[in-house]
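**Q** Got a structure for you, questions after.
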Amino acid sequence: MTEVRSPRPRAYLDHSATSWPKPPEVVEAVVGAMTVSGANPGRGAYAMALAASRVVFESRRACADLLGIPDARDLVFMSGCTEACNLMLKGLLAPGDRVVVSSMEHNAITRPLHALSLLGVRVDMVGADDTGLVHAGDFERAVRAETTRAVICQHASNVTGAIQPIADLADIAHENGALLLVDGAQAVGHLDVDLSALQVDAYAASGHKGLLGPQGVGVLYLRPGLDAAELLQGGTGGGSSEEESQPQGRPERYEAGTPNTPGIAGLGAAARLLIAHGAEWRVEEQAVFLELKRGLGAIPGVTVLGPAVDEPCVPTLSLVSDRMDGDRIAFELDRRYGIAVRSGLHCAPWAHRTLGTLDTGAVRLGVGHGTSTDDVEAVLTALRELLT
Amino acid sequence: MSPEPRRFVIYGFASVHDAMAAEDALKAGEVAVTAIPSPRALGELCGIALRVAPQDAETAEAALMRAELPPRATAEIDDV
C-alpha cells in the first residue's frame, strides 16, 4: 500500500533551496496582488492598474533600499536568480571575451557560461580551497595573465556557506579593466548586502531564499551606465509603444512582458520586513546555525564541509558520513523523522568537484528565518540515531 | 450635466517607473496631481501621464527637476 504522509515537515532545513514558511506579510502581499490590485501593472491608468503599478514601484524601491542601490531603476525584476545570471552573462559577454570564474559556481552560472563558450567566450576557472573559499590572490594572478572581460564569482557558496571576498575581487577586476559579476543567490537576506559599497558591476539574486519572497521572482542589479543587452524584447507598458526597438531605459529595457506582480508584491513585502528586522533575524539564524554546526561536528563519522565553526559563513553547510550515503540520510531524515534536507550535488557539480564530493554528493542543511533550536536538536538527535 | 472642461498641464515620462516616482515627487512638493492614461497630446508616449492645474505647473516642474525626473514630454489639454 502506498504510504501517505503530510508534506509538511517537522523541521525544515532546506532554506538554501527556498525559505519556508514565508512570513505572513509576504503571503498577504501575494494574495493582495491577485485580489485588490490584480490588474496588469503599467498597462493602464484606471484605479486598479495604478494600484498594481504602485505595487511594483514600491517593491522595487524596497528591494533597492535593502540592497544599497541608490537608484531603484538599476534593479530589474527577473523570474529568479537563474534568469538574472543569464542576463548578466549573456547580456555582457561576447565571442572573443575571456572570463575568470570561480570553481564553486552553481549551474545558474556554469551552464550559461558553457553555452557562451560554444559561441567563443573563453572560460578560465580559478580554484577554491577545501572549505570552498576562493582566494583573491589566485584571481589576481589569473586576471593579470591575460586580458579579461569579467571576473565571475558567487557571493556565498550554496554548498559550504563560504563567503567569498567580493570587495577584493571588485578591486582586482577594476584594476585590470574587467567587470565583476556576482551570483548572490545565497547571500542576500543572510548577509547585510550593500551593493554600492561592494562596487560590483552586476549582481544577481534570488527572491525566494534568504530574501523570504515567493518563488518565481529574483532581481538583477546593473550598475549605472553598464550596457547589458536585453534577453527579451516586447511590451513594456510605458514609454513609446510605436518604437520598433526595445526601449533602452531602465528598468523597462529588461522587463518585457507582464511581470510576476504577485511575486514582486511578496518580495517587496519581504524586503520591507528585512529592512525593519533583518539585522536581528541574521543574529538569530547565525546563533542557531552555530549550534547546528557544532553539534554535527561532534557526531562520529560526520564530516562537515566548509569553513571552520568560528569562520564567517552564510547559514548553509553540507556533510558526508562514513557510515551512510547522503541520499539515504536525506531519505531517512524525511521518512522517519519528518526532517527536510537535500542530498545530491545541489546543482553545483563544479563545487562538489572542488570539494572532492562529486562522486558521493553530500547532505545539505540550510538554516533560515524561523529555524529554531528545537529544529536543530531534532536533526542532531536524528543524525546521532542514524549514524552511530 | 457634465462639468465644464478646464485647462490642465500634462507630463509624460520615459517609463511607468519614472511616472510613479514623479507622482511621489509632486505629492511631496504638495502639488495636486492626478495620474491619467497618457493622451495622444503627448505624442508617442503611452502608459501613465501626470496632470496638474496650470497654476501649479511652475511648482510642479521645479519639483520634478529637483527629483531629477524631467518630463519627456509636456502638453496642455482640456479635461474635466
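What follows is calculated from the coordinates using simple rules that are stated; it is not laboratory data. Just so it is clear, the model here is predicted, and its values are computed rather than measured. A quick note on method: Cβ atoms are made from the backbone with ideal geometry, for glycine too, and the neighbour counts reach across all protein chains shown.
**Q** What do you get when you divide the Cα radius of gyration of chain B by 2.2 N^0.38 Å, with N the number of residues?
**A** 1.01
**Q** Using only the alpha-carbon atoms, how far is helix B:16-28 inclined from the longest principal axis of chain B? Give it as 0 to 90 degrees, nearest 10.
**A** 90
**Q** Quick one: Cα convex hull volume of region A:207-254, Å³ per residue?
**A** Value for region A:207-254: 107 Å³ per residue.
**Q** Using only DSSP helix segments of four residues or longer, with each worth -39500 (n - 2.57), what per-residue ellipticity at 222 nm results for the protein assembly as shown after dividing by its residue count and rounding to 500?
**A** -12000 deg cm²/dmol
**Q** Please compute the average number of Cβ atoms from other chains found within 10 Å of each residue's Cβ in peptide B:5-18.
**A** Neighbouring Cβ atoms belonging to other protein chains average 5 per residue here.
**Q** Amide H of A:SER241: which non-local residues (sequence gap of 5 or more, or other chain) have their own amide H closer than 5 Å, using H built in the peptide plane?
**A** So A:SER241 has HN proximity to B:CYS46.
**Q** Turning to a different aspect of this structure: Send over the semi-axes of region A:24-273's equivalent ellipsoid, whole angstrom and largest first, taken as the square roots of 5 times the C-alpha gyration tensor eigenvalues.
**A** 32, 20, 14
**Q** Using the per-residue mean of other Cβ atoms lying within 10 Å as a proxy for protection, in what order, highest first, do the peptides A:99-107, A:363-371, A:24-32, A:336-344 fall?
**A** A:363-371, A:99-107, A:336-344, A:24-32
**Q** Once you keep just the Cα pairs under 8 angstrom separated by 6 or more residues, what percentage relative contact order results for region A:216-321?
**A** 18
**Q** Let me ask something else about it. So which DSSP H runs in chain A come out at 20 Å plus along the axis (Cα) with average Kyte-Doolittle of at least 0.0?
**A** Within chain A the helices that satisfy the rule are A:47-67, A:261-297, A:373-387.
**Q** In the protein assembly as shown, what % of DSSP beta bridges are antiparallel (nearest 5)?
**A** Antiparallel bridges make up about 65 percent of those DSSP assigns within the protein assembly as shown.
**Q** Whole-Hz Karplus ³J(HN,Hα) for region A:186-196, in order, using 6.51 cos²θ - 1.76 cosθ + 1.60 and θ = phi - 60°, x for Gly and Pro?
**A** 8, 9, 4, x, 8, 10, 7, 8, 10, 5, 5
**Q** In addition: May I ask you to order A:59-68, A:176-185, B:64-73 by the average number of other C-beta atoms within 10 Å around their residues, highest value first?
**A** Peptide ranking by packing, descending: A:176-185, A:59-68, B:64-73.
**Q** Can you give me the convex hull volume of the Cα atoms of region A:100-209, divided per residue and expressed in Å³?
**A** 96
**Q** Counting only residues 5 or more places away or on other chains, whose amide H sits under 5 Å from the amide H of A:LEU305 once H atoms are built in the peptide plane?
**A** A:SER318, A:LEU319, A:VAL320
**Q** How about A:LYS90: which lysines have a C-alpha closer than 28 Å to its C-alpha, ignoring those fewer than 8 places off in the same chain?
**A** A:LYS209
**Q** Hey, got the average number of other protein chain Cβ atoms within 10 angstrom for residues in A:53-66?
**A** Mean partner shielding for this stretch: 2.
**Q** Under the rule of at least 5 residues apart or a separate chain, name every residue whose amide H is placed under 5 Å from the amide H of A:LYS209.
**A** A:SER19
**Q** Pick out, from A:HIS352, A:GLY370, A:ASN260, the residue whose Cα sits farthest towards the positive end of the charge dipole of chain A, with +1 on the Cβ of Lys and Arg and -1 on the Cβ of Asp and Glu.
**A** A:ASN260
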